[in-house]
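First the structure, in the form of structure tokens, and then the observations on it.
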Amino acid sequence: MNLADSTPAMNSLLGSEADSQRTLYPYVTGTSVVGIKYKDGILLAADMGGSYGSTLRYKTVERLKPVGKHSIIGASGEISDFQEIMRYLDELILYDNMWDDGNSLGPKEVHNYLTRVMYNRRNKFNPLWNSLVLGGVKNGQKYLGTVNMIGVHYEDNHVATGFGNHLARPILRDEWHENLTFEEGVKLLEKCMRVLLYRDRSAVNKLQIAKITEAGVTISQPYSLKTFWDFSAFKNPTVGAEGSW
Amino acid sequence: MDGISGDLNAPHSMGTTIIGVTYNGGVVLGADSRTSTGMYVANRASDKITQLTDNVYICRSGSAADSQIVSDYVRYFLHQHTIQLGQPSTVKVAANLVRLLSYNNKNMLQTGLIVGGWDKYEGGKIYGIPLGGTVLEQPFTIGGSGSTYLYGFFDQVWKEGMTQDEAEKLVVKAVSLAIARDGASGGVVRTVTINKDGVTRKFYPGNTLPLWHEELEPKDSMLDILSSASPEPMVS
């Protein structure tokens with residue numbers, strides 16, 4: 001193959017590639033999603049990067065999307081699989097609306113549906129290569145859950161995918177508390193996203209924050225974070241230890 | 001495997017440079033013309049910009065066979081769709097049909113595609129469909145092995161709302177730069193411009209392209225240099 005692009009993550013699950021259908025490895029991927037509960041509902045944050053191996057190829061990929069009236073989804077992993085998941089979810093919501101019975105699927109139900117889809121694909125060795133965050137509010141009840149390509153799923157007051165697990169969750173464990181205001185929540189998420197920007201190679205400095213409350217969903221316009229490099233240790237890192245780095 | 005002629009049984013692939021750019025009124029698609037089998041150039045004047053409908057074209061990169069068969073299927077489906085619809089298909093529909101094939105056969109296909117065209121609802125649109133079958137609508141996009149050399153170039157020169165002339169010049173310059181550095185891209189530069197007035201194909205042979213770093217003005221023969229005014233044409 002004469003495509004000189006950098007090799008995407010090679011991940012041979014089980015031997016033969018002649019098998020009829022299995023996703024071998026992802027191509028265009030999104031990185032971390034971070035989510036927290038706050039006083040009025042849920043806040044999700046994700047950057048807008050779509051990486052192609054080590055190349056930061058796409059910089060305006062929307063990885064946060066509303067699902068029906070009561071939920072929002074954030075996705076990391078293979079973008080084409082996320083686009084397919086959105087088609088499944090849009091169909092799910094459509095059929096739910098067609099009952100026209102005054103009832104609508106809440107975030108807990110949507111999360112459960114996603115879990116079944118992801119786990120069943122995993123059992124067929126043909127996963128949807130994503131880690132998803134599903135958050136929402138219905139009848140005053142806040143819900144925040146996550147599910148990934150192998151079907152592992154749980155709910156919590158704060159969740160993250162990918163690098164966010166390692167970098168954001170420790171910050172959230174320390175600084176999250178019940179009844180954060182919207183401003184406090186946004187500042188906390190931005191703190192997490194800034195650390196991810198410093199330390200995750202696949203992060204890009206263009207992000208969106210999504211809010212869901214009983215009133216509905218809003219997703220912010222794309223924006224960028226300021227970064228800080230003004231440390232004396234950064235200016236002269238090898239002073240006193242020439243030759244080191 | 002013969003080291004000089006390369007593996008002639010290697011799959012035909014278009015190590016390629018492909019570009020799609022929107023401008024004020026339509027789109028410009030561009031590509032090089034080299035198709036290689038291993039190290040041998042199987043076709044030095046390929047046409048990688050393929051017609052899907054009167055108003056939608058596709059740029060093909062990666063495996064020649066895979067991109068051709070996907071184009072053929074999509075052309076077939078779009079033809080039927082146009083008959084049923086009773087009017088020209090939209091660019092979005094064409095892109096989605098390509099997505100269906102690329103996504104559902106992601107394990108077997110190795111082709112990156114750019115769908116570009118003009119319809120009366122949305123005007124000029126470009127859709128990038130890389131490996132895996134992700135679809136992303138973008139103001140411009142680049143693809144193929146030669147595109148790696150163009151990310152910095154486009155980051156610097158891209159601007160919204162160019163004129164047709166600016167857009168065409170930009171595409172030709174970009175493909176030409178990629179050809180200069182990517183061994184898998186070469187030959188001529190082809191462009192296809194699509195807008196409300198229709199489709200225009202242009203052809204830029206190597207001698208019409210600008211020269212880049214360390215490239216010299218081509219001559220018929222060294223003898224021309226010897227006979228010209230230069231004081232010491234042969235130096236020992």
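The values are calculated or read from the model by the stated rules, or taken from the named source; none is laboratory data. Everything numeric in this text was worked out from a predicted model, so none of it was measured. Cβ placement follows ideal geometry from the backbone for every residue including glycine, while neighbour counts extend to all protein chains displayed.
What tally of residues in region A:66-81 results from selecting those that are within 18 Å of residue A:136 (Cβ to Cβ) and either in a helix (DSSP H, G or I) or within 14 Å of another protein chain (Cβ to nearest Cβ) (or both)?
Counting residues in region A:66-81 that are within 18 Å of residue A:136 (Cβ to Cβ) and either in a helix (DSSP H, G or I) or within 14 Å of another protein chain (Cβ to nearest Cβ) (or both) gives 1.
Show me the strands (runs of 3 or more DSSP E) entirely contained within region A:107-218 in which 1 or more residues are on the phi < 0 side of the Ramachandran plot and acidic (Asp, Glu).
Qualifying strands (runs of 3 or more DSSP E): A:153-155.
For region B:95-102, the condition holds for no residue, the condition being that it is crowded, with 19+ Cβ neighbours inside 10 Å, at pLDDT below 95 and either at negative phi or of a type in the set (S, T, N, Q) (or both). The condition of being away from chain A (no Cβ under 14 Å), of a type outside the set (S, T, N, Q) and under 17 Å from residue B:142 (Cα atoms) holds for only one of B:117, B:112, B:62, that being B:117. Mind listing whichever residues of region A:27-43 are assigned to a loop (DSSP other than H, G, I, E, B) and within 7 Å of another protein chain (Cβ to nearest Cβ)? Matches in region A:27-43: A:27 only.
Consider residue A:90 carefully, then state whether it is without any contact (Cβ under 8 Å) to a residue 60 or more places away in the chain and facing chain B (nearest Cβ under 10 Å). Spelling it out, it is not the case that residue A:90 is without any contact (Cβ under 8 Å) to a residue 60 or more places away in the chain and facing chain B (nearest Cβ under 10 Å).
Scan region B:134-147 for residues that are surrounded by fewer than 19 Cβ atoms within 10 Å (Cβ to Cβ) and either facing chain A (nearest Cβ under 7 Å) or under 13 Å from residue A:57 (Cβ atoms) (or both) and the total you get is 1. Reported count of residues in region A:49-61, each being surrounded by 19 or more Cβ atoms within 10 Å (Cβ to Cβ) and more than 10 Å from chain B (Cβ to nearest Cβ), is 2. Tally time: how many residues in region B:19-34 are closer than 14 Å to residue B:64 by Cα and surrounded by fewer than 23 Cβ atoms within 10 Å (Cβ to Cβ)? Adding up the residues that qualify gives 0.
From the list A:108, A:37, the one residue that fits, being within 25 Å of residue A:167 (Cα to Cα) and at pLDDT 95 or above, is A:37. For residue A:199, are the conditions met, namely being under 23 Å from residue A:47 (Cβ atoms), of a type in the set (Lys, Arg) and modelled with pLDDT of 95 or more? No: the conditions fail for residue A:199. Considering (1) touching a helix residue (DSSP H, G or I) at 6+ places or on another chain (Cβ under 9 Å); (2) within 14 Å of another protein chain (Cβ to nearest Cβ), the lone condition that residue A:125 does not fulfil carries the number (1).
Determine, yes or no, whether residue A:80 is of a type in the set (S, T, N, Q), buried (at least 19 other Cβ atoms within 10 Å of the Cβ), touching a helix residue (DSSP H, G or I) at 6+ places or on another chain (Cβ under 6 Å) and over 22 Å from residue B:128 (Cβ atoms). Considered against the rule, which asks whether it is of a type in the set (S, T, N, Q), buried (at least 19 other Cβ atoms within 10 Å of the Cβ), touching a helix residue (DSSP H, G or I) at 6+ places or on another chain (Cβ under 6 Å) and over 22 Å from residue B:128 (Cβ atoms), residue A:80 comes out as no. Looking across region A:175-191, the residues that are under 13 Å from residue A:44 (Cα atoms) and touching a residue at least 60 places away in the same chain (Cβ under 8 Å) come down to A:182, A:185, A:186, A:188, A:189, A:190. Does residue B:171 satisfy the criteria of being assigned to a helix (DSSP H, G or I) and away from chain A (no Cβ under 14 Å)? Here the answer is yes, as residue B:171 does meet what is asked. Residue check: residue B:31 meets all listed conditions (1) in contact (Cβ under 8 Å) with a residue 60 or more places away in the chain; (2) within 14 Å of another protein chain (Cβ to nearest Cβ) but one, namely (2).
Of note, residue A:106 does not satisfy the criterion of being within 14 Å of chain B (Cβ to nearest Cβ), buried (at least 18 other Cβ atoms within 10 Å of the Cβ), within 22 Å of residue A:158 (Cβ to Cβ) and in contact with a strand residue (DSSP E or B) (Cβ under 8 Å, 6 or more places away or on another chain). You will find that of A:180, A:167, A:134, the residue that is surrounded by 19 or more Cβ atoms within 10 Å (Cβ to Cβ) and either more than 20 Å from the chain's Cα centre (by Cα) or modelled with pLDDT under 95 (or both) is A:180 and no other. Here residue B:69 passes the criteria (1) away from every other protein chain (no Cβ under 14 Å); (2) in contact with a Ser or Thr (Cβ under 7 Å, 6 or more places away or on another chain); (3) not in a strand (DSSP E or B) except the one numbered (2).
Within region B:174-183, the set of residues being surrounded by 16 or more Cβ atoms within 10 Å (Cβ to Cβ) and in a helix (DSSP H, G or I) comprises B:174, B:175, B:176, B:177, B:178, B:179, B:180.
Checked across region B:58-68, the condition of being within 17 Å of the chain's Cα centre (by Cα), without any contact (Cβ under 8 Å) to a residue 24 or more places away in the chain and closer than 15 Å to residue B:112 by Cβ holds for at least one residue. Would you pick out the residues in region B:72-109 that are closer than 26 Å to residue B:145 by Cβ and away from every other protein chain (no Cβ under 14 Å)? Scanning region B:72-109 gives B:72, B:73, B:74, B:75, B:91, B:94, B:97.
Beta carbons closer than 7 Å, at least 6 apart along the sequence or on distinct chains, pair a first residue in region A:148-172 that is touching a residue at least 24 places away in the same chain (Cβ under 8 Å) with a second that is surrounded by fewer than 22 Cβ atoms within 10 Å (Cβ to Cβ) and polar (S, T, N, Q) for A:151/A:115; A:153/A:115.
When residue B:10 is tested against (1) within 30 Å of residue B:82 (Cα to Cα); (2) modelled with pLDDT under 85; (3) among the small types (Gly, Ala, Ser), only condition (1) is not met.
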